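Notes to accompany the following structure.
The values are calculated or read from the model by the stated rules, or taken from the named source; none is laboratory data. Here the structure is a predicted model, which is why all the values come from computation and not from measurement. All Cβ positions, even for glycine, are placed from backbone atoms using ideal geometry, and neighbour counts span all protein chains on display.
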Amino acid sequence: MRILVTGSSGHLGEALVSTLRADGHDTVGLDLLPSPTTDFVGSIGDQSTVRRALHGVRAVLHTATLHQPHARSATRQAYVDTNVTGTLVLLEQALAQGVDRFVFTSTTSTFGLALIPGEGAPAAWITEDTVPLPRNIYGVTKVAAENVCELIHRDSGLPIVILRTSRFFPEPDDDPEINAYGLGNVQANEMLYRRVDLADVVQAHRCALDRVPEIGFGRYIVSATTPFTRADLASLRSSAPAVVRRLYPDFESRYAERGWRMFPGINRVYDNARARAELRWDPEYDFARLLRSLANGEDPRSPLAVAVGSKGYR
């Protein structure tokens, strides 16, 4: 089965192409920028480029997107052109060329304002049933692209799975207050509730490819498995360190060795239970594994995440 990966020069695209090729899959990449994992250089909004890239393809992993940090240089129209129109072009050309499965990489940023509870409210428990309230052009266009995917599925029957991924880029957060903790500290804390390792994101996409014909259409949250339950939500909002200490009595000593701190409060938790059950996805990287890696003096990231490294927002 020939597989097309869009955004093949980016973090996830490179990881997908290199992993699939290493496992013997016939895989081609499409991106605006040339790279060793890109076979077709061009825009997903260009009909002729997409048509050439889809020749002989049966499955599409659509990761290409303009991300939120691009807003510093990209116009709102550019977001619409790439995230919405580009997705539509890709879907229509995929139908025309007989593609029989399609996986779209979306984002937990689609939830937007739903991630921020009111003053005094407990932390939000985010599932696929949470109604998105996008707060910027990135979120708006990703929700729109998801809806285009659903429309195409309803009209044509093309099996489509949407993966709403949490944070997996190694780049710093765009919040100065959070960045004050230091990059390693921030990303360790986030593994509790809103981060996922790149290797687990790749595995989720591969599971989605396998399962999409049976599922037909579905949306799934792809985030590290949280140790928290709904019963923890009120305490997490006001005293996160106490909750983490109860679950992981040794976390403070591991953190102290590095001068790290837990955030005083956590305002949302992503629940990946549906993805694990329906996609048969078994993520390996979580906060418990991170603590074991720190105790052993190891890098808590997967070898794949280390190999891909930092690419910035191109």
Residue satisfying all of: in region 120-137; closer than 16 Å to Leu163 by Cβ and not charged (D, E, K, R); surrounded by the most Cβ atoms within 10 Å (Cβ to Cβ) among these:
Ile126
What tally of residues in region 175-193 results from selecting those that are touching a residue at least 40 places away in the same chain (Cβ under 8 Å) and either within 30 Å of Gly218 (Cα to Cα) or assigned to a strand (DSSP E or B) (or both)?
5
Can you report the number of residues in region 167-207 which are of a type in the set (A, V, I, L, M, F, W, C), surrounded by fewer than 15 Cβ atoms within 10 Å (Cβ to Cβ) and under 23 Å from Thr105 (Cβ atoms)?
0
Looking only at region 268-285, decide whether some residue is in a loop (DSSP other than H, G, I, E, B) and closer than 24 Å to Ala114 by Cα.
yes
Among residues of region 208-259, those that are outside any helix (DSSP H, G or I), hydroxyl-bearing (Ser, Thr, Tyr) and exposed (fewer than 14 other Cβ atoms within 10 Å of the Cβ), counted:
1
Please verify whether Leu209 is of a type in the set (A, V, I, L, M, F, W, C), over 20 Å from the mean Cα position of the chain (by Cα) and modelled with pLDDT of 95 or more, treating the condition exactly as stated.
no
Within region 19-62, the residues that are touching a residue at least 60 places away in the same chain (Cβ under 8 Å) and of a type in the set (S, T, N, Q) are Thr19
Can we say Arg289 is of a type outside the set (A, V, I, L, M, F, W, C), assigned to a loop (DSSP other than H, G, I, E, B) and closer than 20 Å to Tyr193 by Cα?
no
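Checking the conditions here, which among Leu91, Leu115 is buried (at least 17 other Cβ atoms within 10 Å of the Cβ) and farther than 30 Å from Leu236 by Cβ?
Numbers: Leu115 fails: farther than 30 Å from Leu236 by Cβ.
Among Leu91, Leu115, only Leu91 is buried (at least 17 other Cβ atoms within 10 Å of the Cβ) and farther than 30 Å from Leu236 by Cβ.
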State the number of residues belonging to region 98-121 that are within 22 Å of the chain's Cα centre (by Cα) and either under 16 Å from Gly7 (Cβ atoms) or of a type in the set (Gly, Ala, Ser) (or both).
9
Tell me yes or no: at least one residue of region 117-137 is closer than 20 Å to Thr226 by Cα, in a loop (DSSP other than H, G, I, E, B), without any contact (Cβ under 8 Å) to a residue 24 or more places away in the chain and not acidic (Asp, Glu).
yes
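Are there any helices (runs of 4 or more DSSP H) wholly within region 1-92 with 3 or more residues that are of a type outside the set (Phe, Trp, Tyr) and farther than 22 Å from Ile160 by Cα, and if so which?
Helices (runs of 4 or more DSSP H) meeting the threshold: 11-22, 76-79.
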Taking region 267-314 and the residues there that are out of contact with any Asp or Glu (no Cβ under 6 Å at 6 or more places or on another chain) and aromatic (Phe, Trp, Tyr), the one that is surrounded by the most Cβ atoms within 10 Å (Cβ to Cβ) would be Tyr270
